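The values are calculated or read from the model by the stated rules, or taken from the named source; none is laboratory data. Keep in mind that what you see is a predicted model, and the values were worked out from it rather than measured. Counting neighbours? That spans all protein chains shown, and the Cβs are built from the backbone with ideal geometry, glycine included. Surface accessibility is based on the protein's heavy atoms, side chains included, excluding ligands, DNA and RNA. Shrake-Rupley method; radii C 1.70, N 1.55, O 1.52, S 1.80 Å.
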Amino acid sequence: MRRQHIGWVAGAAAAVLVAAGAITYAVASDGGSDTKTPTAESADAGFARDMAVHHQQAVEMSYIVRDRTKDEEVRRLAYDIAQTQANQRGMLLGWLDLWALPKVSAEAPMTWMGMGDMASGKDGALMPGMATNTELKKLQSLSGKQAEILYLQLMTAHHKGGIHMAEGCVAKCTVGVEKRLAQGMVDAQQSEIELMAGMLKERGAQPRS
C-alpha cells in the first residue's frame, strides 16, 4: 500500500511538472500586456520570490538525506520532492524575469501576505516551516533511520509552511496560472504530509508539534 501511495504521489508530481510547461508558456503569452504584469510589491511577485527561497531549502534537505540513507522509500520521496520543487523554483524565477522584476526585495519575507514579522530569520529560518542552519547541520551528521526521521519531521514542517504561503497566493495573487500552480502546491504537499506521517509512524516517530 505504501509503495502504491508513493507511486501516486510521484505520478501527481509528474503531472504538475507537465502542466508547468503550459503554465510558463501561458504566463509568457500574457507578458506583453502591461495591465497583466504584476508590480514588485504585488502578491504575485512576493510569492514568486519567497517560494523560490522556500523551495530551495527543500531541495537542499532532500539531497542531503539521499546521501545519508539507503532506504529506497525515503530516497524515492526525497528525489520526487527535489525534482518537483527545483522545477517549480525555476518557473517562479522565470516569471520574475518575464515580468522584469527583481528576485530579491528589501521587504521582509511574507510582507505581501501582511505577515512580514512572522519569522525573524534567526539561524537561517527565513520563513515559517524552514529549518534552521543548526537543524541542517544535524541532518548532515546523521545517517540511516535517524536521518530519515529528522528529514521527515523537517520536511513535514517545511510543507506546512509552504502550504500556508501557497494558500496566501491562492487568495491574493492576480495571475490566474500562478494561483492554479499555488493550489497545486497545496494539494500535492498536503498529500505528502499524510504520506510522511505514515512513514514516521513506521519508524516509531511522529511529526513535531
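Quick notes on this one:
- Boolean, Gly184 is in contact (Cβ under 8 Å) with a residue 24 or more places away in the chain, open to solvent by 20 Å² or more (accessible area, probe 1.4 Å) and either under 20 Å from Val53 (Cα atoms) or assigned to a loop (DSSP other than H, G, I, E, B) (or both): yes
- Among the residues here, Ala197 does not qualify as closer than 21 Å to Arg66 by Cα, of a type in the set (Gly, Ala, Ser), outside any helix (DSSP H, G or I) and within 20 Å of the chain's Cα centre (by Cα).
- Residue match in the range 19-41 (condition: crowded, with 20+ Cβ neighbours inside 10 Å, at pLDDT 95 or above and in a helix (DSSP H, G or I)): no
- Answer residue from the range 116-135, given it is open to solvent by 40 Å² or more (accessible area, probe 1.4 Å) and over 20 Å from Met61 (Cβ atoms) and is modelled with the highest pLDDT among those: Asp117
- Count of the range 72-87 residues, restricted to those that are open to solvent by less than 50 Å² (accessible area, probe 1.4 Å) and under 15 Å from Gly198 (Cβ atoms), is 3.
- Tabulated pairs, the range 63-74, first hydroxyl-bearing (Ser, Thr, Tyr), second open to solvent by 50 Å² or more (accessible area, probe 1.4 Å) and not in a helix (DSSP H, G or I), C-beta under 9 angstrom, 6+ apart or interchain: Thr69/Ser143
So that you can scan it fast, the table gives a plain yes or no per residue for (1) hydrophobic (A, V, I, L, M, F, W, C); (2) part of a loop (DSSP other than H, G, I, E, B):
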{"position": "Gly46", "(1), (2)": "no, no"}
{"position": "Thr69", "(1), (2)": "no, yes"}
{"position": "Ile81", "(1), (2)": "yes, no"}
{"position": "Trp112", "(1), (2)": "yes, no"}
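- Screening the candidates Lys138, Lys172 for the property of being under 30 Å from Glu41 (Cα atoms) and either open to solvent by 50 Å² or more (accessible area, probe 1.4 Å) or at pLDDT below 95 (or both) yields one hit, Lys172.
- Of note, Trp112 does not satisfy the criterion of being out of contact with any Phe, Trp or Tyr (no Cβ under 9 Å at 6 or more places or on another chain), surrounded by 15 or more Cβ atoms within 10 Å (Cβ to Cβ) and more than 18 Å from Ile81 (Cα to Cα).
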